[in-house]
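Each remark here refers to the structure printed beneath this line.
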Amino acid sequence: MSALVTQALVKRFGGVLATDEVSLKLEASEIHAVIGPNGAGKSTLIGQLAGEIAPDAGRVLLFGRDVTGEPAHRRAALGLARTYQVTQLAREFTALDNVLLAVNARLAHNFRFWRNAHDDVDAVARARAALATVGLEGRAQSTVAELAHGEQRQLEIAMALATEPRLLLLDEPLAGMSQGESVAIVALLQSLKGRYPMLLVEHDMEAVFALADRISVLVYGRIIASDRPGSIRNNAAVRAAYLGESV
Ligand code: ADP
Ligand code: MG
């Protein structure tokens, strides 16, 4: 069973067809990258997968289940976690607190009531484990404002992991990073490969080709190619769409 399937997803914003009958599959334990120029509809696609944007037509299946009409928190409860293109962190809070907020936001929608996060030994242990996974164990008590940009992106991944997801949606996890920071995140994503199916939206082609098992190319809301990285690299339509860029 595919982890995630979209069937002919359509989303219009006024006259703009942001996604135009997008059909794709994310297979278990694969990294499926979605690439495309700015404005191609990548974030709109992720929003529809996460349940934050309602499609005008089409379906979304999560682990075989039709979730098209399900709100974001229901999809999160089914194991979908996402990171955002623009950071969503609470800057005055510590790294640990941000992860605890993510854990509790999920649990509050599930089966437990909100309570003082620091009193919940399980939640703290889970949050610390997630920080360690992304290499931020030494930064638990630093506020977000004190973290480097790359560390903030690592923290967002920790927040996603702490919810014990079954699937990750990553919207430009390398955006705004230095070369060194990118290398660290690529290594992190590589280490998570096989543990979580990941849908990865990313502009850094070196990272995409290093990580992805499959690449779909979105141009003006349409998937013009979806294939193994080697085939995408040699695809004439993709090269034409990316003329002047280093695919
Ligand atoms: P990408 O993430 O690939 O850069 P987006 O999904 O952000 O692209 O945007 C796709 C298209 O939809 C763009 O033309 C953008 O201007 C438009 N768009 C995205 N969100 C909205 C919105 N909330 N309202 C109106 N237009 C939008
Ligand atoms: Mg985007």
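Place a point 7 Å from the Cα of Gln88 along the Cα-to-Cβ direction; which residues of region 44-61 have their backbone N under 17 Å from it? Answer for region 44-61: 44-55.
Stokes-Einstein at 10 °C, 1.306 mPa s, Kirkwood radius from Cα pairs: D for the chain in µm² s⁻¹? Value of D from the Cα-based Kirkwood radius: 86 µm²/s.
Evaluating 6.51 cos²θ - 1.76 cosθ + 1.60 at θ = phi - 60° for every residue in region 167-177, the Karplus couplings come out as 6, 10, 10, 10, 9, 6, x, 9, 4, x, 8 Hz, glycine and proline recorded as x.
Taking amide hydrogens as placed 1.01 Å from N in the peptide plane, the amide H of Thr68 sits under 5 Å from those of Val60, each at least 5 positions away in sequence or on another chain. When both region 190-234 and region 43-71 are represented by their alpha-carbon centers, they are found 20 Å apart. Using a Gaussian network model of the chain in which every pair of alpha carbons under 10 angstrom is joined by a spring, one finds that among Thr143, Thr83, Thr44 the greatest mean-square fluctuation is at Thr143. Counted residue by residue at 0.36 nm each, then reduced by the alpha carbon distance between them, the extension gain from Ala240 to Glu164 reaches 23.3 nm. Around the amide H of Leu80, modelled in the peptide plane, lie the amide H atoms of Arg166, all under 5 Å away and 5 or more residues distant in sequence or on another chain.
Taking Ala145, Ala162, Ala212 as the candidate residues, the one with maximal mean-square fluctuation in a Gaussian network model of the chain, Cα springs under 10 Å, is Ala145. In order along region 195-207, the phi-based Karplus estimate (6.51 cos²θ - 1.76 cosθ + 1.60, θ = phi - 60°) of 3J(HN,Hα) comes to 7, 9, x, 10, 9, 10, 9, 7, 8, 6, 5, 4, 5 Hz; Gly and Pro are listed as x.
With a Förster radius of 25 Å applied to the beta-carbon distance between Glu21 and Ser191, the computed FRET efficiency rounds to 0.10.
Here the Gaussian network model covers the chain, with springs between Cα atoms less than 10 Å apart; of Val219, Val121, Val99, Val121 fluctuates the most. Once backbone amide H atoms are built at 1.01 Å from N, Thr19 has Lys11 as its partners under 5 Å, excluding neighbours fewer than 5 places away on the same chain.
Each Lys and Arg Cβ is given +1 and each Asp and Glu Cβ -1; about its Cα centre, region 64-216 then shows a dipole of about 560 debye. The angle between the Cα long axis of helix 121-133 and the longest principal axis of the Cα atoms of the chain comes to about 50 degrees, rounded to the nearest 10. Each distinct pair of alpha carbons in region 3-92 adds a 1/r term; the inverse of their mean, the Kirkwood radius, is 13.8 Å.
The modelled label-to-label distance between Arg65 and Ala105, using points 7 Å beyond Cα along the C-beta direction, is 2.1 nm. Compared with the direct C-alpha span, the chain from Ser2 to Met205 gains 70.6 nm at full extension, assuming 0.36 nm per residue. Computed from Cα atoms, the angle from the helix 149-162 axis to the main principal axis of the chain rounds to 80 degrees.
Taking the number of Cβ atoms within 10 Å of each Cβ as an exposure proxy, the fewest-first ranking of Leu78, Leu169 is Leu78, Leu169. The distance between label points at Tyr220 and Gln179 comes to 3.7 nm (points 7 Å beyond Cα on the Cα→Cβ vector). Ordering Met1, Met205, Met177, Met159 from the fewest to the most neighbouring beta carbons within 10 Å gives Met1, Met205, Met177, Met159.
Every number in this text was worked out from the coordinates using simple rules, so none of it is lab data. Keep in mind it's a predicted model, so treat the numbers as computed, not measured. For neighbour counting, all protein chains shown are included, and Cβ atoms are generated from backbone atoms with ideal geometry for every residue, glycine included.
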